[in-house]
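Okay, so here's the structure we're looking at.
The values are calculated or read from the model by the stated rules, or taken from the named source; none is laboratory data. The shown structure was predicted, so the numbers you read here are calculated from the model rather than taken from an experiment. For neighbour counting, all protein chains shown are included, and Cβ atoms are generated from backbone atoms with ideal geometry for every residue, glycine included.
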Amino acid sequence: MKIGVIGAGQMGAGIAQVCAMAGNDVSLFDASEAQASKGMNLIQSLLEKGAEKGKYTKDLAQKTLSNLSIKKSLEELAPCDVVIEAIIENTEIKCDLFSKLDALCKRDALLLSNTSSISITKIASSTKTPERVMGMHFMNPVPVMKLVELIRGLQTSDETYNKVHKLTLDIDKVPVLGIDRPGFVVNRILVPMINEAICLLQEGVSAEDIDTAMKLGTNQPMGPLTLADFVGLDTLLSILRILHNELGEDKYRPAPLLVKYVEAGWYGKKSGRGFYRY
């Protein structure tokens, strides 16, 4: 199967890696050629480390790399059977992209979004073929996390759903069917929890104590503030604003401290500073 992945950040690179590891012919595209190269380098590094640790053979790592290629234009994705979008969490930008893909890709190609909070029905409405549009939300880091949330838009066809469900199993992931409401399943529960942890930080509890309490008190492998830094505080803020605007409940209102950190450019691990320094 020919799969196109748009966006070569951490999520896009991870999606490309797992799809290629399952034997698919994967094309990776990013509007920034530098980011595309960075994404490919990340994949190569992760594959090498995985092989060294014995998670899989060196032959599989090499085969996976041979299944991957960088494309320099969106038009080069036209032959793909499936296109998975993993770009910035912005409704207008995503809708513009899907409108272009709808005109560019062959009629039976599946158009999938890795959005974590934006309405699939809204994204699909930017196309003339909404029945082939669906949400396929991977967890971060993609090569490690088994879950994929499948989200049907109002007009997603049964055929599209069945094909995406099979694809999820074929790339060794576990599908769950969510609903087309902001946050779907995981972020609807997880993001307000992280936001509450930030409120506690504002009130004077240390980041270390918050994370230790949640790890030891609820058996989570990573504290909520460490997780926030890993996800990206800008991404977290974007999701909270969508939840707050769409659902209209104060429990989704972003903590003021989160807003300040994002305004300061403290996005978490990727910027070297968030609730912790890196």
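Here are a few things to note about the model shown:
- Just one of the listed residues (LEU60, LEU46, LEU28) is in contact (Cβ under 8 Å) with a residue 12 or more places away in the chain and either closer than 19 Å to LEU167 by Cβ or in contact with a strand residue (DSSP E or B) (Cβ under 8 Å, 6 or more places away or on another chain) (or both), namely LEU28.
- Residue within region 69-81 that is assigned by TED's automatic domain parsing to the domain that holds GLY23, within 13 Å of LEU28 (Cα to Cα), out of contact with any Gly (no Cβ under 9 Å at 6 or more places or on another chain) and of a type in the set (Ser, Thr, Tyr) present: yes
- Unique residue being surrounded by 15 or more Cβ atoms within 10 Å (Cβ to Cβ), in a helix (DSSP H, G or I) and in contact with a Pro (Cβ under 6 Å, 6 or more places away or on another chain) when the list is GLN35, GLN17: GLN17
- Taking region 183-278 as the region of interest, the helices (runs of 4 or more DSSP H) fully inside it that hold 2 or more residues being surrounded by fewer than 21 Cβ atoms within 10 Å (Cβ to Cβ) and out of contact with any strand residue (DSSP E or B) (no Cβ under 9 Å at 6 or more places or on another chain) are 186-202, 207-218, 233-247, 256-263.
- Taking the listed residues ALA228, ALA197, ALA213, the one that is more than 30 Å from ASN24 (Cβ to Cβ) and under 18 Å from the mean Cα position of the chain (by Cα) is ALA228, with no other qualifying.
- Test for GLU89: is it charged (D, E, K, R), closer than 24 Å to VAL231 by Cβ, in the same structural domain as LYS173 (by TED's automatic domain parsing) and modelled with pLDDT under 95: yes
- Residue match in region 155-176 (condition: farther than 30 Å from GLY23 by Cβ, assigned by TED's automatic domain parsing to the domain that holds THR91, in contact (Cβ under 8 Å) with a residue 12 or more places away in the chain and in contact with a helix residue (DSSP H, G or I) (Cβ under 8 Å, 6 or more places away or on another chain)): yes
- For GLU76: the one exception among (1) part of a helix (DSSP H, G or I); (2) over 21 Å from LEU110 (Cβ atoms); (3) out of contact with any helix residue (DSSP H, G or I) (no Cβ under 6 Å at 6 or more places or on another chain): (2)
- In the set (1) more than 30 Å from ARG107 (Cβ to Cβ); (2) outside the structural domain of GLY14 (by TED's automatic domain parsing); (3) hydrophobic (A, V, I, L, M, F, W, C), PHE184 fails one condition alone, (1).
- The residues of region 92-105 that are free of Cβ contacts under 8 Å to residues at least 60 places away in the same chain and farther than 17 Å from VAL26 by Cβ, listed by number, are GLU92, ILE93, LYS94, CYS95, ASP96, PHE98, SER99, LYS100, ASP102, ALA103, LEU104.
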